[in-house]
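Notes for the one structure printed next.
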Amino acid sequence: MNKLSVNVGKTPLVQISKRIWAKFEGQNPSGSIKDRMASYILNDAEIKGLLKKGHTIIEATSGNSGIAFAFLGAERGYKVKIVMPCNMSEERKQMLKMYGAELIEVGAGDFDAAIKLRDEIASCKGYFNPRQFSNPLNIEAHYSGTGVEILHQHTEKIGAFVAGTGTGGTLMGTSRILKLYHPGMKTVAVEPAESPVMSGGELGPHGIQGIGDGSKFLVNLNEVDDIVIIKTEEAKDRARKLSKESGLFVGVSSGANVLGCEKLLEMYPDIEGNIITVLSDRGERYLSCM
């Protein structure tokens with residue numbers, strides 16, 4: 001039987017405007033960029049004999065990673081348990097359940113509690129823990145996957161790679177390999193104005209699900225050249241416009257990423273080269289909060 005996960009990656013690079021291009025990650029099998037990280041970590045575990053059919057995976061998530069692991073678990077015969085803050089969208093919760101995953105909820109926005117509970121259950125029960133927030137394989141998945149694809153798809157000069165950070169794997173892995181071929185390129189992080197932790201601000205509630213989870217996790221700020229702050233309502237509005245004006249039905253963080261690119265060009269009008277970002281997921285998992 002052919003596995004759907006062989007189709008992870010190879011997503012199109014679409015032109016948003018004259019100087020902005022984006023990887024359309026909603027075309028991954030479960031609908032988000034997190035399929036890359038999840039499949040990479042599970043493939044590695046299977047090769048090393050750490051995972052076998054019937055084993056249980058447990059992970060903490062804001063939603064997309066959980067959906068990715070749930071999809072892969074259903075495909076490969078693993079039980080999946082997901083620990084997630086209770087204020088994530090209902091669509092995400094329903095998608096997890098449709099894939100057969102067990103959802104364990106913690107307090108609203110409390111990712112530290114989700115990670116702690118994940119670790120406790122994994123240790124107690126002997127479940128496989130992907131550790132997406134600290135696992136270097138998360139970065140490697142984008143270094144060897146997302147970044148390489150961009151280099152093959154975009155032959156013009158790249159002036160910046162822009163991405164919101166959840167775990168930080170996308171920003172770190174992709175930008176590291178792009179900078180090898182475009183050494184003058186800027187690495188630019190996007191974070192919610194309501195929770196500007198990387199900028200030195202305070203953790204706070206926001207509606208850009210998937211980024212701004214309250215910690216830097218895999219992000220090395222020494223490799224980040226700039227941080228762009230985006231308000232939740234601005235991100236939602238930009239996501240709606242992408243759908244209505246470009247036919248790109250994407251989530252809130254995708255709106256934040258594109259708006260981050262546009263603000264970067266306003267900040268640095270003389271930046272050389274095009275701006276690359278990611279459309280992280282599809283928009284159907286945000287209908288109740290858009």
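For the reader, a short list of remarks on this structure follows.
- Each residue, Lys48 and Lys216, gets one label point 7 Å from its Cα in the Cβ direction; the gap between the two is 2.5 nm.
- Exposed-loop-free span, longest in the chain, where trypsin sites (Lys or Arg not before Pro) count as exposed if DSSP calls them loop and at most 12 other C-beta atoms lie within 10 Å: 158-290
- Cβ-based net charge around Val197, under 13 Å, with every Lys or Arg adding one and every Asp or Glu removing one: -4
- In the structure shown, the pairs Lys186/Lys236; Lys186/Lys241; Lys23/Lys97; Lys23/Lys186; Lys179/Lys244 are assessed against 22 Å; a Cα-Cα span above that value is assigned to Lys186/Lys236; Lys186/Lys241; Lys23/Lys97; Lys179/Lys244.
- Pairs of Cα atoms nearer than 8 Å and 6+ residues apart set the relative contact order; for the range 223-290 it is 33 percent.
- Residue of Leu264, Leu218, Leu180 that the Gaussian network model of the chain assigns the largest fluctuation, springs spanning Cα pairs under 10 Å: Leu180
- Structure-based [θ]222 nm, the chain - -39500 (n - 2.57) summed over DSSP H runs of at least 4, per residue, nearest 500: -11500 deg cm²/dmol
- Taking Cys289, Cys261 and counting other C-beta atoms within 10 Å, the order from fewest to most: Cys289, Cys261
- Highest-fluctuation residue, Asn64, Asn257, Asn87 considered, GNM on the chain with Cα pairs under 10 Å: Asn87
- Spatially proximal aspartates and glutamates relative to Lys3 (Cα-Cα < 18 Å; intrachain offsets below 8 disregarded): Asp35, Asp44, Glu46, Glu75
- Cα shape, the range 1-131, gyration tensor, a/c 1.5 rule: oblate
- Euclidean distance between Cα centres, the range 181-223 to the range 1-47, Å: 22 Å
- Taking His182, His55 and counting other C-beta atoms within 10 Å, the order from fewest to most: His55, His182
- A cut-off under 15 angstrom between Cβ atoms defines the neighbours of Lys179, and their net charge, with Lys, Arg +1 and Asp, Glu -1, is -1.
- By the count of neighbouring beta-carbon atoms within 10 Å, fewest first, Ser288, Ser30 end up ordered Ser288, Ser30.
- Unit Cα scatterers, Debye sum, the chain: log10 I(q)/I(0) for q = 0.08, 0.10, 0.15, 0.17 Å⁻¹: -0.30, -0.47, -1.11, -1.45
- Placing +1 on the Cβ of every Lys and Arg and -1 on the Cβ of every Asp and Glu, with nothing else charged, gives the chain a dipole about its Cα centre of roughly 900 debye.
- Local electrostatic count, Gly73, Cβ distance below 14 Å [Lys/Arg +1, Asp/Glu -1]: +3
- For the chain, complete DSSP H runs whose alpha carbons reach 15 Å or more along their own long axis and whose mean Kyte-Doolittle score is -0.5 or higher are 34-47, 64-76, 111-125, 169-181, 252-267.
Read the figures in this text as sums done on the coordinates, not as results from a lab. The structure presented is a predicted model; accordingly, all values stated were derived computationally and were not measured. Cβ: placed from backbone, ideal geometry, glycine included. Neighbour counts: every protein chain shown.
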